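Quick notes on the structure that follows.
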Amino acid sequence: MKPRPKPQDSVMEDLFRAKLKNIINFQHELVLLRGIIDWERQEAHSAPYYKEAGRPGSPIRLVVGLHLLKHIEGLSNEVVCERWERDPYMQYFCGEEYFQHAFPLERSGLTHFRHRVGEEALETLLQETLAAAHRAGALSVRAAEAVAADTTVQEKAIAHPTEHGLLLVAIEQLGRHAKKAGLRLRQSYVRVAWRAAMKTGRYLHAKQKRRARRQVKYMRVRLRRLMRDVWRKMQAMPALSEHSVQRLESALARAGRIAHQQRGDQGYEYSWHAPEVECISKGKARVPYEFGFKVSIATNLHPAKGGHFILQARALHGNPYDDHTLKAALDDVRNTVGRSPSRVAVDQGYKGHRLTGHSHTTVYITGQRRGITEKIKRWLNRRAVVEPIICHAKNDGLLGRNWLKGRSGDRQML
């Protein structure tokens, strides 16, 4: 059901409570930002996602404000809700009239709201932040004529994937699903698998790879034994519920992929609870491989009055080449800003780019010599300005690690 309209400021003040506007500093950054954001547009955009009947939904102004605060401060859902309870400026930013001593909704309401509106509706938050910067004079349309684009990796919240670690988790999880379904297994193999995984780690640390491979083979054989035992017990119990059968079949399929996969196989699973994780090699000496998904970032090449802004951010699955991501990045910039940039500066990973639909956009690649004048060379040297923007987004924002579930969570995290 659609949220109930919030009552306007009452003429008669509560004798036992003071209004927030009487106890806050009106020069605070959140107070100034509240007056710039077009809240009516955000509520009108999110209202069609609610039905007319049923239980009233969470206030759109509150949920949208919490999402903005979450990305401004780089906080998780739980932390932003805790800070909202004791911060009057956060409450005033979200449209409260009096100070609230308790959080007005369930903290899982933020997750439900993201699932309700989807990825496209959340992009309006980025558009609104850029529109607010334009109203405040910090960002001009001219500043978005030249952009710098690059890709990075947002890591998933998973343990470092090792072969023996995956086999141990598969044995534990498959046995747990079988026990929950009521199957009485011949042996769970958890104790012997845990001991073999511990020995594998010690052998690898001592450079004894032959012994380590022997323990990994031992774990793989036990996992296959467990899979056959679970399958036989499933066939012998036709009274299992449909939900239990689906969960067991899904667990068996995932355990089968982990038991039979080899390094270099396409679709290699690096985590039990996050099968969408991809292994991406970025050529870094510190971290040769990163496990997550690729993200495209675009920022204004020349600083605006308010500095540099993130004009585009999108999660890219399937580990695409950088040159295949440029068109989608420029499409997002055009949808967000309202116009296509005239110049784009990229690194050498974008050689051979396929750019269609942006006839007025010129792409310059670092190191190219044809058609480069001294003026173009000077501003092309600023292509690396996107690198500190990515570092700030990872260290101070939410780009460093993704805790949300599935590919939809990957897209919603940005």
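The values are calculated or read from the model by the stated rules, or taken from the named source; none is laboratory data. Here the structure is a predicted model, which is why all the values come from computation and not from measurement. Here Cβ is always computed from backbone atoms with ideal geometry, including for glycine, and neighbour counts include all displayed protein chains. When the accessible area is computed, the model is the full protein with side chains, heavy atoms only, and any ligands, DNA or RNA have been set aside. Shrake-Rupley method; radii C 1.70, N 1.55, O 1.52, S 1.80 Å.
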#### Entry: Lone unmet requirement of (1) out of contact with any helix residue (DSSP H, G or I) (no Cβ under 9 Å at 6 or more places or on another chain); (2) within 26 Å of Trp403 (Cα to Cα) for Leu174
(1)
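Identify all residues within the stretch 357-375 that are of a type outside the set (Ser, Thr, Tyr) and open to solvent by less than 30 Å² (accessible area, probe 1.4 Å); write none if there are none.
His358, Val363, Ile365
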### Task
Check off (1) under 19 Å from Ala131 (Cα atoms); (2) of a type outside the set (Lys, Arg); (3) in contact with a helix residue (DSSP H, G or I) (Cβ under 7 Å, 6 or more places away or on another chain) for Ala315 and give me the number that stays unchecked.
(1)
### Task
Kindly indicate the residue of the stretch 331-356 that is open to solvent by less than 60 Å² (accessible area, probe 1.4 Å) and assigned to a helix (DSSP H, G or I) and also farthest from Ser296 (Cα to Cα) among those meeting that condition.
Val337
### Residue check, Ala328 closer than 30 Å to Leu183 by Cβ and in a helix (DSSP H, G or I)
no
### Query
So how many residues does the stretch 147-166 have that are under 25 Å from His71 (Cα atoms) and open to solvent by less than 50 Å² (accessible area, probe 1.4 Å)?
11
### Summary
When the stretch 380-405 is checked residue by residue, the ones that are surrounded by fewer than 16 Cβ atoms within 10 Å (Cβ to Cβ), over 30 Å from Ala274 (Cα atoms) and either touching a residue at least 40 places away in the same chain (Cβ under 8 Å) or aliphatic (A, V, I, L, M) (or both) are Arg382, Ala384
### Task
Would you check if there is a residue in the stretch 167-180 being touching a Ser or Thr at 6+ places or on another chain (Cβ under 9 Å) and either closer than 19 Å to His71 by Cα or in a loop (DSSP other than H, G, I, E, B) (or both)?
no
### Summary
By residue number, the members of the stretch 291-309 that are assigned to a strand (DSSP E or B), open to solvent by 10 Å² or more (accessible area, probe 1.4 Å) and within 25 Å of Gln412 (Cβ to Cβ) are Phe291, Lys294
### Message
Give all pairs with beta carbons closer than 8 Å in which a residue from the stretch 342-365 that is farther than 18 Å from Arg382 by Cα meets a residue that is open to solvent by less than 60 Å² (accessible area, probe 1.4 Å) and charged (D, E, K, R); count only pairs at least 6 apart in sequence or on separate chains.
### Response
Lys351/Asp323; Gly352/Asp323; His353/Asp323; Arg354/Asp323; Gly357/Asp331
### Summary
Ala393 vs (1) at pLDDT 90 or above; (2) small (Gly, Ala, Ser); (3) not in a helix (DSSP H, G or I): all pass except (3)
### Task
Would you mention how many residues in the stretch 357-372 are part of a loop (DSSP other than H, G, I, E, B) and under 14 Å from Glu145 (Cβ atoms)?
3
